[in-house]
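This report concerns only the one structure given below.
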Amino acid sequence: MTPQSLKLDLNFAIFLNFLTESPVRKIVIAGNWKMFKTQAESLEFLQGFIPSLDETPSEREIVLCAPFTDLNTLSKNLHGSRVQLGAQNVHWEETGPYTGEISSPMLTEIGVRYVIIGHSERRQYFGETDETVNWRLKAAQRCNLTPILCVGETKQQRDDGEIESHITHQLKKGLAEIDQQNLVIAYEPIWAIGTGETCEAKEANRVISLIRTHLSHPSVPIQYGGSVKPNNIDEIMAQPEIDGVLVGGASLEATSFARIVNYQ
Ligand code: PGA
């Protein structure tokens with residue numbers, strides 16, 4: 001074998017490996033502050049939280065999804081840190097007579113990179129539908145924001161054996177004509193949100209692997225959300241299909257969110 005053919009063989013082997021290796025999915029740990037924290041409180045949080053990231057493995061993406069009024073202050077104070085900023089909703093138009101709404105360019109101008117869309121609280125209390133979720137996803141992506149699309153079943157739907165049909169429906173409608181290369185999905189069983197009743201890690205893993213079979217892009221990170229706490233994060237993140245978490249209550253306190261991002 002000549003040195004040249006040996007080199008060709010090696011290149012071919014590397015190429016084959018590239019083709020067969022499973023895609024690397026990003027790990028995204030996001031805090032959802034909901035309607036909590038004034039600007040002053042958000043800065044107080046940062047003081048406690050930022051130093052605890054010194055040892056956090058660099059491949060973990062850390063996101064804080066804060067109320068609109070906190071975003072500008074956080075953006076200025078996060079400069080140079082590895083924490084990314086997220087919003088909790090975005091309108092489907094860029095400007096217009098939509099009292100009370102915020103658009104994608106308004107968010108990206110101040111450094112926001114992620115946006116939660118279709119959270120069950122938006123669906124339940126503010127009339128969000130799969131159709132408006134889809135419009136918001138498109139608007140976010142047009143401005144290069146990464147949407148975190150929330151899906152999940154109620155207790156009743158779970159008891160009636162409708163988990164998969166419900167989530168498949170949400171995905172089909174919500175993801176119509178959406179670029180899956182710039183997307184995060186959060187599986188949030190509604191009965192586990194804010195209740196302290198976590199979905200078993202293995203069960204969350206099972207549903208997330210089902211969700212993955214309905215996606216066209218293999219590298220979409222899929223998070224679990226619903227009563228994630230410092231005492232269950234290690235087990236949740238040990239599951240092979242779970243690529244991160246969306247954390248409500250336990251993200252409000254610096255030490256507890258720090259324990260979550262520094263999961264073992
Ligand atoms: P929780 O909320 O962690 O307080 O259950 C999760 C969410 O609503 O995203």
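The values are calculated or read from the model by the stated rules, or taken from the named source; none is laboratory data. The structure displayed is predicted, hence computed values, not measured ones. So basically every Cβ, Gly included, is an ideal-geometry build from the backbone, and we count neighbours across all protein chains shown. Side chains included, ligands, DNA and RNA excluded: accessible areas come from the protein's heavy atoms. Shrake-Rupley method; radii C 1.70, N 1.55, O 1.52, S 1.80 Å.
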Order 193-206, 88-101 from most to least packed using the mean count of other Cβ atoms within 10 Å.
193-206, 88-101
Filter on Lys138/Lys172; Lys138/Lys173; Lys76/Lys229 - keep pairs with C-alpha separation over 18 Å:
Lys76/Lys229
Listed residue (Gln239, Ser52, Ile185) projecting farthest to the positive dipole end of the chain, Cβ model
Ser52
Per residue of segment 91-102, in order, report the coupling 6.51 cos²θ - 1.76 cosθ + 1.60 (Karplus, θ = phi - 60°) as ³J(HN,Hα) in whole Hz, putting x for Gly and Pro.
7, 7, 9, 7, 8, x, x, 10, 3, x, 9, 10
Taking the Cα centre as origin and putting +1 on Lys and Arg beta-carbons and -1 on Asp and Glu beta-carbons, what dipole magnitude results for segment 26-261, to the nearest 20 debye?
280
Cα gyration tensor category, rounded, prolate or oblate, for segment 26-261 with a/c compared to 1.5
oblate
Please list, in order along segment 235-248, the HN-Hα scalar couplings obtained from phi with the Karplus expression 6.51 cos²θ - 1.76 cosθ + 1.60 (θ = phi - 60°), rounded to whole Hz, x for Gly and Pro.
5, 4, 6, 7, 6, x, 8, 8, 9, x, 9, 10, 10, x
Which of the peptides 249-258, 155-164, 170-179, 131-140 is most tightly packed, and how do the rest follow, judged by the mean count of other Cβ atoms within 10 Å per residue?
131-140, 249-258, 170-179, 155-164
Is it possible to state the helix-based mean residue ellipticity at 222 nm for the chain, with each DSSP H run of 4+ residues giving -39500 (n - 2.57), the sum divided by total residues, to the nearest 500 deg cm²/dmol? What is it?
-12000 deg cm²/dmol
Degrees between helix 3-20 axis and first principal axis of the chain (Cα, 0 to 90, nearest 10):
30
How large is the accessible surface per residue of the chain, computed with a 1.4 Å probe and reported in Å² as a whole number?
51
Residues whose modelled amide H sits under 5 Å from the amide H of Val245, counting only those 5 or more places away in sequence or on another chain, are Val28, Ile29, Ala30, Tyr224
Just report the Cα centroid separation between segment 178-253 and segment 72-150, whole Å.
20
